[in-house]
Structure formats: C-alpha cells, structure tokens
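Here is the structure we will look at, set down as structure tokens.
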Amino acid sequence: MSGLDLRDRVRDVPDFPTEGIIFKDLMPLIADRVYFADTIKQLAEWARPREPNLVLGAEARGFIFGGALAYELGAGFIAARKPGKLPRETVEATYALEYGTDSLQVHRDAVSPGSRVIVLDDVLATGGTAHAKIELVEELGGIVVGVLFVIELTFLDGRTKVGGYDVHALIQY
Ligand code: AMP
C-alpha cells in the first residue's frame, strides 16, 4: 500500500446540495494524479481476485472511477444512466431518494448471462443507488461479484441495503 491517506483529497462541502448534507467532493482526489492513480490501484486490488469481466458505474462520478478501474482490470465497462440517455432497448430500476424517486437504466444487452460484474460507485450513502444497480445486473443474468466504493458514510447504514453481497469501501466516515 502507498501510505497515502485518500481523505487528504476529499473536500467536505456543508449544506450541498441541500441544507444538512455534508457533500463529499472527490474532485480534488480525481484531479491529483498521484491520489487518483492510488485510488484506482486500491480499487483494482480488491476487485481483481473476484475475477470480474465487467465493471458497472452510474453517471457521472461512477463513469470516472469505473472507466479507469475497468481499464486497470482489463474488464469492460457498462454505463448505468438516467432515463432517456441510452439509445437502445433498456431495463430500468427505480429507487427511493430523500424526496421522491429516481431511476437508472442500462442497455438490455449490456450484460450477458453469467457475466461477473463489479458494481462501483464513489459514495455509499443510503445504499439505494447501489441496490438499484445490483437489480439491473441480476435482471440481465449477471453475477454481482463485488460492490465497491471509494467512500462509505457508515452513519447512513447503507450496508444493510446491500446485505448478502461482498461489499468494500476504501475509506469510511
Ligand atoms: P445512496 O443511494 O443514498 O447510497 O446515494 C449514493 C449516491 O449519491 C452516490 O452516487 C453519491 O454520489 C451520492 N451521494 C449521496 N450522499 C453523498 C454525499 N454526502 N457526498 C457525496 N455524494 C453523495
């Protein structure tokens, strides 16, 4: 391990996007070549033994980490997107937000049955988003071999939403 503390490049932004939320801004980490490379290396070290052939990430930060991780692993990348963005036939999962619901879609042919998929996101908060992505992979016959995050907000107990899966986060708050 590098000995870097990834927390040194995570910026707390109070009251964003709404009052009372402390937003974990990962842009300084992504912009720092040493910290970004180290993050991807650590994600890959955990993911590699699980032998994934695909990484799934949702827009937008999931694309940044997911694309780099897929490249590092020699795996493919699948984009989970907000409704209306993907051009071909999709499957959709809806999940609860603080107010109302949101949905993610992937192309119906994005995961072939039996594919080994790492579900990746920057932050595990309540776990709703991760759970929706797991649903999409499984609906298409894929196997979720790991659920991976850069940051876990432990006080929100998102892990219970993804109970029964192999879950890991590089840093916890
Ligand atoms: P959740 O579905 O509640 O686990 O929320 C996860 C998604 O919301 C992740 O994709 C995060 O990017 C984003 N998110 C939720 N809370 C935060 C936070 N405090 N700081 C940064 N991103 C967050």
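The values are calculated or read from the model by the stated rules, or taken from the named source; none is laboratory data. On a predicted model such as this, the values are computed, not experimentally measured, just so you know. With ideal geometry, Cβ positions are generated from the backbone for all residues, glycine too; neighbour counts draw on all protein chains shown. What goes into the accessible areas is simple: the full protein's heavy atoms, side chains included, and nothing from ligands, DNA or RNA. Shrake-Rupley method; radii C 1.70, N 1.55, O 1.52, S 1.80 Å.
Give the long-range amide H neighbours of A169: residues separated by 5 or more places, or on another chain, with amide H under 5 Å away, using H modelled in the peptide plane at 1.01 Å from N.
It is F149, by chain and number.
By Kyte-Doolittle mean hydropathy of at least -0.5 and Cα axial length of at least 24 Å, which whole DSSP H helices of the chain are selected?
none
What's log10 of I(q)/I(0) for segment 75-173 at q = 0.16, 0.17 Å⁻¹, Debye sum over Cα points only, no solvent?
Computed log10 I(q)/I(0) values: -0.66, -0.75.
At each listed q (0.09, 0.11 Å⁻¹), what is the log10 of I(q)/I(0) that the Debye formula gives for the chain modelled as equal alpha-carbon point scatterers?
-0.29, -0.43
Compute the accessible area per residue over the chain, keeping the other protein chains in place, probe 1.4 Å, unit Å².
Accessible area per residue: 50 Å².
Carbon and sulfur: what percent of segment 1-154's accessible surface (1.4 Å probe)?
50
Compute the length gained on full extension between R88 and A31: take 0.36 nm times their separation in residues and subtract their Cα-Cα distance, giving the result in nm to one decimal.
Numbers: separation 57, 0.36 × 57 = 20.52 nm, distance 3.29 nm.
My answer for the length gained is 17.2 nm.
Out of G114, A60, L4, whose Cα points farthest toward the positive end of the dipole of the chain (charges: +1 Lys, Arg; -1 Asp, Glu; placed on Cβ)?
The residue sitting farthest along the positive end of the dipole is G114.
Mind checking the dipole of segment 28-72: about its Cα centre, +1 per Lys or Arg Cβ, -1 per Asp or Glu Cβ, Debye to the nearest 20?
Magnitude of the dipole: close to 20 debye.
For the chain, calculate the relative contact order in percent as a whole number, restricting contacts to Cα pairs under 8 Å that are 6 or more residues apart.
17
Given the Cα-Cα distance of V13 and E59 and 0.36 nm per residue of separation, how much length would full extension add, in nm?
Gain in length upon complete extension: 14.5 nm.
What's the ranking of 15-28, 144-157 by average number of surrounding C-beta atoms within 10 Å, highest first?
In descending order of packing, they fall as 144-157, 15-28.
Need the full-extension length gain, E45 to D5, defined as separation in residues times 0.36 nm minus the C-alpha distance. One decimal, nm. Before the final figure, lay out the partial values.
Numbers: separation 40, 0.36 × 40 = 14.40 nm, distance 1.65 nm.
Gain on stretching E45 to D5: 12.8 nm.
What are the semi-axes of the equivalent ellipsoid for segment 25-109, taken as the square roots of 5 times the Cα gyration tensor eigenvalues, largest first, in whole Å?
On the way: eigenvalues 127, 59, 25 Å².
Computed over segment 25-109, the values are 25, 17, 11 Å.
How much net charge surrounds A79 when only other residues with a Cβ under 14 Å from its Cβ are counted (Lys, Arg +1; Asp, Glu -1)?
+3
About its Cα centre, what dipole magnitude does segment 1-152 give when the only charges are +1 on Lys and Arg Cβ and -1 on Asp and Glu Cβ, stated in debye to the nearest 20?
In total the dipole reaches around 460 debye.
Go ahead and set up a Gaussian network model of the chain, Cα springs under 10 Å, then flag whichever of L136, L86, L124 fluctuates most.
Maximum fluctuation in the GNM of the chain, among the listed residues, is at L86.
Order the peptides 159-165, 71-77 from the highest to the lowest mean number of other Cβ atoms within 10 Å of their residues.
In descending order of packing, they fall as 71-77, 159-165.
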